[in-house]
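Asker: Got a structure for you, questions after.
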Amino acid sequence: MKINSKGNMKDIKTLGGLKKAGYKPLSVKDELRKNLIEMIKSGRKRFPGIIGYDRTVLPQIENAILSRHDFILLGLRGQAKTRILRELMSLLDEYIPVIKGSLLNENPFQPISSKYKNLASETGDNLEIEWLHRSERYHEKLATPDVSVADLIGDIDPIKAVRERLDLSDEDVIHWGIVPRTNRGIFAINELPDLQPRIQVSLLNILEENDIQIRGFPIRIPLDMLLVFTANPEDYTNRGNIITPLKDRIASQINTHYPDSLEDAKRITAQEAWSERTSKIDVPEVIRDIIEEISFEARNSEYVDQTSGVSARLSISAYENLLSNIERRAAINNETELFPRICDLYSLIASIVGKIELVYEGELEGPTTLAVNLIGSAVKNAFDRTFPPPRSERKRGNDTIVDENIYEPVQDFFASGKHLEISDEMSNEDYRASLDQIVGLKKLAQKYYKPKDEPETYLAMELILEGLHRSNVIAKESPDNKFIYADMLENILRG
């Protein structure tokens with residue numbers, strides 16, 4: 001029977017009242033299965049806030065729940081594994097009845113401990129109950145080498161036995177671990193391979209026989225729960241990191257992944273990043289694209305250790321730092337207009353270097369240099385999508401025809417020996433005046449980028465300069481967080 005916080009069921013305080021109301025308890029896996037089927041039929045959103053998994057991960061999770069499987073999510077860091085597990089809580093009934101005072105959330109229709117079996121026998125239909133909210137039925141544990149069997153399962157508590165004058169054969173001397181305290185709920189273990197093998201053994205009975213055994217105590221406690229896990233694929237598949245019998249008992253193995261498209265990646269960042277600043281900051285799509293492409297470039301880089309992954313948190317942190325850099329510039333110059341620049345992107349290095357693990361060649365390159373190159377590659381991708389290539393050749397018969405160089409005014413500016421300096425701390429007036437030195441640059445930006453306003457026009461103008469630099473058409477130096485564009489040949493000769 002469906003229980004809701006507004007209805008009469010929560011007013012029931014005894015087992016007899018439950019029976020009279022016609023309440024029928026379900027196992028946790030049956031409860032999840034029933035509620036999932038109802039949500040699917042009604043068309044309601046399952047796993048809200050999980051983006052990019054609609055056709056891959058989520059159907060497999062739903063199949064595992066419908067199959068009443070314990071399951072594991074295998075994936076690299078920053079792939080929403082823990083968040084997905086926490087969303088399972090929404091598939092539980094809002095409230096369920098438990099025996100009042102029971103540490104194990106015991107079913108009033110079927111107590112599992114000696115204490116409450118005796119109490120139920122003595123009180124009958126007058127057995128007192130209380131209502132447990134779904135939020136109290138989900139617990140999780142991060143697997144670390146120091147986790148013990150006592151932490152997870154429980155152990156005999158001799159101090160409690162002495163204090164309460166209990167015989168060591170009395171079940172009440174047991175100090176229950178977090179797993180039995182999650183009875184009739186969902187228990188999650190994050191980074192499963194980090195558990196020591198002897199601790200992994202303690203989970204075998206729960207997965208297969210649905211019970212636990214307390215060391216040195218001749219009892220078995222039947223548990224009703226869904227067990228779910230997360231792990232890094234490399235750790236999970238390495239022999240010795242996880243015992244084979246445990247792997248065999250986990251019924252479904254589901255692989256997560258990073259976003260497949262820029263659109264999904266941007267939706268994740270928009271959802272997770274802190275963007276509610278004091279003043280509204282308008283960030284155009286090209287900047288959002290570049291931020292996501294930094295992560296995409298890192299995931300394809302030969303210098304980055306791909307077995308560690310590149311977390312979605314990189315883009316989230318980068319976006320937040322971008323907004324902060326814009327705010328800082330406005331405060332420095334006492335300005336009210338807040339709009340990004342291409343040079344702002346190089347303030348994101350702090351968001352990148354701590355979120356990528358480098359292979360040996362990457363360590364030789366250096367994390368900061370690699371971060372700069374990742375940003376540059378992402379900017380060049382945006383430039384290539386928006387503007388014509390700097391050097392365009394095509395075949396006509398046996399002849400090679402070089403198309404008109406639309407960037408000639410830009411190259412001529414620098415070929416005359418002039419330099420152009422910009423920085424992320426310049427006032428808007430100085431920034432625009434600097435870009436306006438190049439005659440024809442604004443016209444190029446307006447023709448191909450089609451900006452919607454003046455700030456975006458200057459952003460497009462700077463994108464052209466950075467794109468040409470990344471295409472090896474013009475040179476750039478970066479002393480003291482300033483960016484000085486110059487002629488390529490002059491830069492080479494100067495050495």
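Asker: Could you tell me whether segment 70-83 includes any residue that is farther than 24 Å from Pro259 by Cβ and either open to solvent by 40 Å² or more (accessible area, probe 1.4 Å) or not polar (S, T, N, Q) (or both)?
Answerer: Going through segment 70-83, the residues farther than 24 Å from Pro259 by Cβ turn out to be 70.
Now drop any that are not either open to solvent by 40 Å² or more (accessible area, probe 1.4 Å) or not polar (S, T, N, Q) (or both), which leaves 70.
Checked against the condition, which is being farther than 24 Å from Pro259 by Cβ and either open to solvent by 40 Å² or more (accessible area, probe 1.4 Å) or not polar (S, T, N, Q) (or both), segment 70-83 yields at least one hit.
Asker: Separate question: Go through the residues of segment 24-35 one by one and say whether even a single one is over 21 Å from Thr256 (Cα atoms), open to solvent by less than 30 Å² (accessible area, probe 1.4 Å) and touching a strand residue (DSSP E or B) at 6+ places or on another chain (Cβ under 7 Å). Full working, then the answer.
Answerer: Taking segment 24-35 first, the residues over 21 Å from Thr256 (Cα atoms) are 24-35.
From the residues that got through so far, the ones that are open to solvent by less than 30 Å² (accessible area, probe 1.4 Å) too are 28, 31-32, 35.
In the following step, the residues that additionally are touching a strand residue (DSSP E or B) at 6+ places or on another chain (Cβ under 7 Å) were identified as 28, 32.
Yes, because at least one residue in segment 24-35 is over 21 Å from Thr256 (Cα atoms), open to solvent by less than 30 Å² (accessible area, probe 1.4 Å) and touching a strand residue (DSSP E or B) at 6+ places or on another chain (Cβ under 7 Å).
Asker: Can you spot a residue in segment 272-280 that is in the same structural domain as Gln79 (by the TED database) and out of contact with any strand residue (DSSP E or B) (no Cβ under 6 Å at 6 or more places or on another chain)? Spell out how you get there, then give the answer.
Answerer: Looking only at segment 272-280, we keep the residues that are in the same structural domain as Gln79 (by the TED database), and these are none.
Checked against the condition, which is being in the same structural domain as Gln79 (by the TED database) and out of contact with any strand residue (DSSP E or B) (no Cβ under 6 Å at 6 or more places or on another chain), segment 272-280 yields no hits at all.
Asker: Pairs please, first residue from segment 61-75 and closer than 16 Å to Thr230 by Cα and among the aliphatic types (A, V, I, L, M), second anywhere and assigned to a loop (DSSP other than H, G, I, E, B) and open to solvent by 50 Å² or more (accessible area, probe 1.4 Å), Cβ atoms under 8 Å, 6+ apart in sequence or on different chains.
Answerer: Pairs found: Ala64/Ala251.
Asker: Scan (1) open to solvent by less than 50 Å² (accessible area, probe 1.4 Å); (2) under 25 Å from Leu192 (Cα atoms); (3) not in a loop (DSSP other than H, G, I, E, B) for the single condition Ser90 breaks and write down its number.
Answerer: For Ser90, the failing item is (1).
Asker: So, one more: Say we look at segment 118-153 and pick out the residues that are more than 39 Å from the chain's Cα centre (by Cα) and buried (at least 17 other Cβ atoms within 10 Å of the Cβ); which of these is farthest from Gly22 (Cα to Cα)?
Answerer: Taking segment 118-153 first, the residues more than 39 Å from the chain's Cα centre (by Cα) are 118-128.
In the following step, the residues that additionally are buried (at least 17 other Cβ atoms within 10 Å of the Cβ) were identified as 119-120, 127.
Values: Leu119: 22, Ala120: 19, Leu127: 16 Å.
The residue in question is Leu119.
Asker: Moving on to the next point. List the number of the failed condition for Val359; all other conditions in (1) open to solvent by less than 10 Å² (accessible area, probe 1.4 Å); (2) modelled with pLDDT under 95 hold.
Answerer: In the conditions (1) open to solvent by less than 10 Å² (accessible area, probe 1.4 Å); (2) modelled with pLDDT under 95, Val359 misses (1) alone.
Asker: In addition: Consider only pairs whose beta carbons are under 7 Å apart and that are at least six residues apart or on different chains; among these, list those whose first residue lies in segment 324-347 and is within 20 Å of Ser295 (Cβ to Cβ) and whose second residue is in a helix (DSSP H, G or I) and among the hydroxyl-bearing types (Ser, Thr, Tyr).
Answerer: Once the first residue is within 20 Å of Ser295 (Cβ to Cβ) and sits in segment 324-347, its partners that are in a helix (DSSP H, G or I) and among the hydroxyl-bearing types (Ser, Thr, Tyr) give Asn325/Ser347.
Asker: In addition: Within segment 467-490, can you find the residues that are over 36 Å from the mean Cα position of the chain (by Cα) and open to solvent by less than 20 Å² (accessible area, probe 1.4 Å)?
Answerer: Answer for segment 467-490, where residues must be over 36 Å from the mean Cα position of the chain (by Cα) and open to solvent by less than 20 Å² (accessible area, probe 1.4 Å): Val473, Ile474, Ala475, Tyr485, Ala486.
Asker: Next up: Just checking, how many residues over segment 135-161 are assigned to a loop (DSSP other than H, G, I, E, B) and not small (Gly, Ala, Ser)?
Answerer: Just the residues of segment 135-161 that are assigned to a loop (DSSP other than H, G, I, E, B), to begin with: 137, 143-148, 153, 157.
Next, from what is left, pick out any that are not small (Gly, Ala, Ser): 137, 144-147, 153, 157.
Result for segment 135-161: 7.
Asker: Look through segment 282-302, keep the residues that are of a type outside the set (A, V, I, L, M) and either in contact with a strand residue (DSSP E or B) (Cβ under 8 Å, 6 or more places away or on another chain) or not in a helix (DSSP H, G or I) (or both), and return whichever of them is farthest from Ala265 (Cα to Cα). Please lay out each step first, then the result.
Answerer: Restricting attention to segment 282-302, the residues satisfying the condition of being of a type outside the set (A, V, I, L, M) are 282, 284-285, 288-289, 292-293, 295-297, 299-302.
If we keep only those that are either in contact with a strand residue (DSSP E or B) (Cβ under 8 Å, 6 or more places away or on another chain) or not in a helix (DSSP H, G or I) (or both) as well, we get 282, 284, 300-302.
Values: Asp282: 18, Pro284: 15, Asn300: 16, Ser301: 18, Glu302: 22 Å.
Only one residue fits best here, namely Glu302.
Asker: Ok, one more. Identify, from the list Gly354, Gly366, the residue that is at positive phi and either open to solvent by 10 Å² or more (accessible area, probe 1.4 Å) or in contact with a Pro (Cβ under 8 Å, 6 or more places away or on another chain) (or both). Step through it out loud before you land on a result.
Answerer: On the way: Gly354 fails: at positive phi.
On inspection, the qualifying residue turns out to be Gly366.
Asker: Look through Ile250, Ile206, Ile242 and report the one residue that is under 23 Å from Gln60 (Cβ atoms), free of Cβ contacts under 8 Å to residues at least 40 places away in the same chain, assigned by the TED database to the domain that holds Leu132 and open to solvent by less than 60 Å² (accessible area, probe 1.4 Å). I'd like the intermediate steps shown before the answer.
Answerer: Working: Ile250 fails: free of Cβ contacts under 8 Å to residues at least 40 places away in the same chain; Ile242 fails: free of Cβ contacts under 8 Å to residues at least 40 places away in the same chain.
After ruling out the rest, the residue left standing is Ile206.
Asker: List the number of the failed condition for Lys115; all other conditions in (1) touching a strand residue (DSSP E or B) at 6+ places or on another chain (Cβ under 9 Å); (2) open to solvent by 50 Å² or more (accessible area, probe 1.4 Å); (3) touching a residue at least 40 places away in the same chain (Cβ under 8 Å) hold.
Answerer: All conditions pass for Lys115, except number (1).
Asker: Tell me yes or no: at least one residue of segment 303-311 is hydrophobic (A, V, I, L, M, F, W, C), assigned to a helix (DSSP H, G or I) and either in contact (Cβ under 8 Å) with a residue 60 or more places away in the chain or not assigned by the TED database to the domain that holds Leu468 (or both).
Answerer: Just the residues of segment 303-311 that are hydrophobic (A, V, I, L, M, F, W, C), to begin with: 304, 310.
With assigned to a helix (DSSP H, G or I) added as a condition, the list becomes none.
Looking through segment 303-311, none of the residues is hydrophobic (A, V, I, L, M, F, W, C), assigned to a helix (DSSP H, G or I) and either in contact (Cβ under 8 Å) with a residue 60 or more places away in the chain or not assigned by the TED database to the domain that holds Leu468 (or both).
Asker: If you check Ile206, Ile212, which single one turns out to be assigned to a strand (DSSP E or B) and either touching a strand residue (DSSP E or B) at 6+ places or on another chain (Cβ under 7 Å) or under 20 Å from Tyr138 (Cβ atoms) (or both)?
Answerer: Working: Ile206 fails: assigned to a strand (DSSP E or B).
So the residue among Ile206, Ile212 that is assigned to a strand (DSSP E or B) and either touching a strand residue (DSSP E or B) at 6+ places or on another chain (Cβ under 7 Å) or under 20 Å from Tyr138 (Cβ atoms) (or both) is Ile212.
Asker: Show the residue pairs that are 6+ apart or on different chains and have beta-carbon atoms under 9 Å apart, the first residue being within segment 122-134 and over 23 Å from Leu92 (Cα atoms), the second being open to solvent by 50 Å² or more (accessible area, probe 1.4 Å).
Answerer: Close Cβ pairs satisfying both conditions: Asp125/Lys19; Asp125/Lys20; Leu127/Lys100; Leu127/Leu119.
Asker: Which members of segment 51-69 meet the condition of being of a type outside the set (D, E, K, R) and buried (at least 18 other Cβ atoms within 10 Å of the Cβ)? Lay out the reasoning, then the answer.
Answerer: First, pick out the residues of segment 51-69 that are of a type outside the set (D, E, K, R): 51-53, 56-61, 63-67, 69.
Within segment 51-69, Ile51, Gly52, Tyr53, Val57, Ile61, Ala64, Ile65, His69 qualify.
Asker: Do you know which residues across segment 18-32 are part of a helix (DSSP H, G or I) and free of Cβ contacts under 8 Å to residues at least 40 places away in the same chain?
Answerer: Lys20, Ala21, Asp30
The values are calculated or read from the model by the stated rules, or taken from the named source; none is laboratory data. Remember, predicted model here, so these are calculated numbers, not experimental data. Ideal geometry is used to build each Cβ from the backbone, glycine not excepted, and the neighbour counts take in all protein chains shown. Note: areas computed on protein heavy atoms with side chains; ligands, DNA, RNA excluded. Shrake-Rupley method; radii C 1.70, N 1.55, O 1.52, S 1.80 Å.
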